[in-house]
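Enquirer: Before anything else, here's the structure in question.
The values are calculated or read from the model by the stated rules, or taken from the named source; none is laboratory data. Values in this document were obtained by computation on a predicted structure and should not be read as measured data. Glycine gets a Cβ as well: all are built from the backbone with ideal geometry, and neighbour counts include every protein chain shown. In case anyone asks, the SASA skips ligands and DNA or RNA and just uses the protein heavy atoms, side chains included. Shrake-Rupley method; radii C 1.70, N 1.55, O 1.52, S 1.80 Å.
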Amino acid sequence: MDAFAAARISPALIDPFGRHVTYLRVSVTDRCDFRCVYCMAENMTFLPKRDLLTLEELDRVCTAFIEKGVRKIRLTGGEPLVRRGIMTLVESLSRHLRGGALDELTFTTNGSQLAKYADELRAHGVRRINVSVDTLDEAKFKAITRWGDLGKVRAGIKAAQKAGLAVKINMVALKGVNEDEIPQMLHWAHGEGMDLTLIETMPLGEIDGDRTDQYLPLSVVRARLLDQLTLDDIPYKTGGPARYVRVKETGGRLGFITPLTHNFCESCNRVRLTCTGTLYMCLGQEDAADLRTPLRLSESDGLLDDAIHEAIARKPKGHDFIIDRRHNRPAVSRHMSVTGG
């Protein structure tokens with residue numbers, strides 16, 4: 001980094017609890033080509049184009065965060081690869097990887113578009129992606145995603161691996177739906193050289209159905225796995241909330257993301273930017289900051305920088321997710337597709 005660039009770097013982002021914010025998750029679109037039952041209703045109303053940040057505006061906000069010490073950016077959605085022109089943003093952000101200001105640029109995707117974009121992602125500095133796959137049963141996959149094609153996703157994963165991308169599989173554990181498949185998923189992922197992370201369903205947004213019918217505590221899953229596998233805790237970290245174990249029998253890594261049974265707030269280094277320029281300091285709280293207005297009010301970043309620092313100054317200590325028969329409505333009203341997965 002040259003002296004001019006170094007001089008422009010703003011003070012680091014440190015929240016009221018002394019946590020450094022070094023990880024920005026950016027939802028580039030609320031649209032998706034799936035309609036997963038735990039994520040959104042089948043008949044969704046999506047945002048009008050005028051409400052979305054342009055790709056240039058997304059680049060500008062991301063750059064402002066990088067100048068304040070953010071070292072990792074994850075692009076999410078909805079499904080990020082359905083955003084028109086998304087590779088323009090990826091190519092632009094890759095300059096921060098080449099310059100050393102950014103350690104990692106990565107994606108969370110449903111895999112439907114990977115066959116098309118894997119080589120470009122690799123060419124622009126992406127080295128690791130997360131792919132959401134909740135079942136290997138084609139009929140069940142269609143039932144969970146409503147619109148998804150498992151064959152297309154698996155082909156996309158193969159294309160990503162061929163392009164040299166490390167793939168981690170994310171699996172939302174759903175009671176009575178895919179809980180019996182978790183050992184099979186683990187052996188499949190590890191057999192293909194991929195990590196697997198299990199995720200508890202989160203109370204975000206109105207969906208079709210009762211969340212208490214979906215919620216499967218990962219403490220129960222881990223106990224069941226211990227009946228047949230050896231799980232050794234390891235200090236491996238990717239910058240996110242997952243806690244990892246090494247599975248002795250497969251040699252692979254298994255992660256647990258447990259926002260309900262064991263939240264990960266004490267070490268939270270993350271904030272989330274939506275495609276409309278709204279910054280959420282906590283996934284499980286409604287408090288948010290509008291970055292779109294200061295972004296559009298001035299060509300310089302002074303107002304934007306002030307808004308970012310003001311937002312981080314009120315990042316809460318944590319969330320209070322709960323799912324039971326008395327709390328079967330969403331903890332927050334927005335869907336995960338709006339906040340960013």
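Enquirer: Just to be sure I understand the model, the point goes 7 Å from the Cα along the line to the Cβ. What's the resulting residue 246 to residue 313 distance in nm?
Expert: For residue 246 paired with residue 313, the spin-label model returns 4.6 nm.
Enquirer: Test of understanding: what is the full-extension gain from residue 175 to residue 161, defined as 0.36 nm times their sequence separation minus their Cα-Cα distance?
Expert: Result for the pair: 2.0 nm of gain on full extension.
Enquirer: With no other cysteine's Cβ closer than 4.7 Å, which Cys residues of the chain count as lacking a disulfide-compatible partner?
Expert: For the chain, the answer is 32, 62, 265, 268, 275, 282, because their Cβ atoms have no other cysteine Cβ under 4.7 Å.
Enquirer: Beyond 20 Å between alpha-carbons counts as too far, so tell me which of 116/162; 72/158; 168/317; 140/175; 72/315; 72/168 fall in that bin.
Expert: Flagged as over cut-off: 72/158; 168/317.
Enquirer: Where the only charges are on Cβ atoms (+1 Lys, Arg; -1 Asp, Glu), what is the dipole of the chain about its Cα centre, to the nearest 20 debye?
Expert: Approximately 420 debye in magnitude.
Enquirer: With Rg and Dmax of the Cα atoms in Å in mind, check [x] 19.4, 60; [y] 23.6, 97; [z] 20.8, 67 and report the label derived from this structure.
Expert: Structure-derived value, by its label: [x].
Enquirer: Could you pull the accessible area for residue 72 with a 1.4 Å probe, rounded to 10 Å²?
Expert: Residue 72 exposes around 20 Å² with every protein chain in place.
Enquirer: Is the C-alpha gyration tensor of the range 52-192 telling us rounded, prolate or oblate? Criteria: a/c under 1.5 is rounded; beyond that, a/b larger than b/c is prolate, otherwise oblate.
Expert: Judged from the Cα gyration tensor, the range 52-192 comes out prolate (a/c at least 1.5, a/b above b/c).
Enquirer: Let me ask another. So if each residue of separation counts as 0.36 nm, and I subtract the Cα-Cα distance between residue 227 and residue 290, what length gain in nm does that give?
Expert: Value of the extension gain: 17.8 nm.
Enquirer: For the pair residue 17/residue 88, report the inter-label distance in nm, with labels modelled 7 Å from Cα in the Cβ direction.
Expert: Here the answer is 3.9 nm between the modelled labels.
Enquirer: Starting from the residue with the highest accessible area, list 31, 270, 292 in decreasing order, probe 1.4 Å.
Expert: 31, 292, 270
Enquirer: Another one. What does DSSP give for the chain in terms of the percent of beta bridges that are antiparallel, rounded to the nearest 5?
Expert: 30 percent
Enquirer: Full extension from residue 41 to residue 192: what is 0.36 nm times the residue separation minus their Cα-Cα distance, to one decimal in nm?
Expert: 51.1 nm
Enquirer: Pick out which of 56, 67, 79 has the largest mean-square fluctuation in a Gaussian network model of the chain, springs linking Cα atoms closer than 10 Å.
Expert: 56
Enquirer: Each label point is 7 Å from the Cα along the Cα-to-Cβ direction; what then is the distance between the points at residue 147 and residue 120, in nm?
Expert: For the pair residue 147/residue 120, the computed spacing is 2.0 nm.
Enquirer: First select every other residue whose beta carbon is under 12 angstrom from the beta carbon of residue 180; then total the charges, Lys and Arg +1, Asp and Glu -1.
Expert: Net local charge, residue 180 excluded: 0.
Enquirer: What relative contact order, as a whole-number percentage, does the chain give when Cα pairs under 8 Å and 6 or more residues apart are counted?
Expert: About 22 percent, as a whole number.
Enquirer: Just add up the charged neighbours of residue 16: K/R +1, D/E -1, any other residue whose Cβ is under 10 Å from the Cβ of residue 16.
Expert: Counting the neighbours of residue 16, the net charge comes to +3.
Enquirer: Here's a follow-up. What does the charge count around residue 239 come to, taking other residues whose C-beta lies under 9 Å from its C-beta (Lys +1, Arg +1, Asp -1, Glu -1)?
Expert: +3
Enquirer: Let me ask another. List the residues whose amide H sits under 5 Å from the amide H of residue 215, counting only those 5 or more places along or on another chain, with H placed 1.01 Å from N in the peptide plane.
Expert: 175
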